[in-house]
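Heads up: the structure comes next, in structure tokens.
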Amino acid sequence: MADGQLINIRKHTRFIEFPAHKHNYIEFNYVYKGKLTEVIHNKKIELQEGEIIFLNKDITHAIEKSSEDDIIINFIIRPEFFDFILNL
């Protein structure tokens with residue numbers, strides 16, 4: 001995400017497994033089409049079309065490989081976004 005940018009929206013990369021990792025930002029994963037499987041604390045969470053998951057910063061998670069039929073939208077939000085909104 002570019003410096004100074006508070007929100008980024010992008011299509012999730014398919015065909016790649018993402019091993020356990022964490023971020024210094026907040027992330028929403030929205031299943032536009034198909035499904036998404038996340039692993040958090042060794043528990044598989046399967047999201048279906050129309051479902052969304054909220055991941056706070058510093059939450060360790062893994063993402064299983066998505067197929068050609070899966071379309072996931074990632075919303076990446078820096079924590080400073082909320083300070084910005086509250087000070088409008």
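Details
- If only the Cβ of Lys and Arg carry +1 and only the Cβ of Asp and Glu carry -1, the dipole of segment 12-86 around its Cα centre is close to 140 debye.
- Within the chain, helix-based [θ] at 222 nm, where runs of 4 or more DSSP H residues each add -39,500 (n - 2.57), nearest 500: -2000 deg cm²/dmol
- The simple Förster model, with R0 at 22 Å and r as the Cβ-Cβ distance, assigns Thr37 and Ile7 a FRET efficiency of 0.30.
- Computed lengthening from Lys22 to Lys44, 0.36 nm per intervening residue step minus Cα-Cα distance: 6.3 nm
- Burial order of peptide ranges 41-54, 67-80 (average beta-carbon count within 10 Å, highest first): 67-80, 41-54
- For the residue pairs Lys33/Lys57; Lys43/Lys65; Lys11/Lys33; Lys11/Lys65, the alpha carbons lie more than 20 Å apart in Lys33/Lys57.
- Volume of the convex hull of the chain (Cα atoms only), normalised per residue: 99 Å³.
- For peptides 55-63, 29-37, 14-22, sequence by mean Cβ density within 10 Å, most packed first: 29-37, 55-63, 14-22
Just so you know, all these numbers are worked out from the coordinates, no wet-lab data involved. On a predicted model such as this, the values are computed, not experimentally measured, just so you know. So basically every Cβ, Gly included, is an ideal-geometry build from the backbone, and we count neighbours across all protein chains shown.
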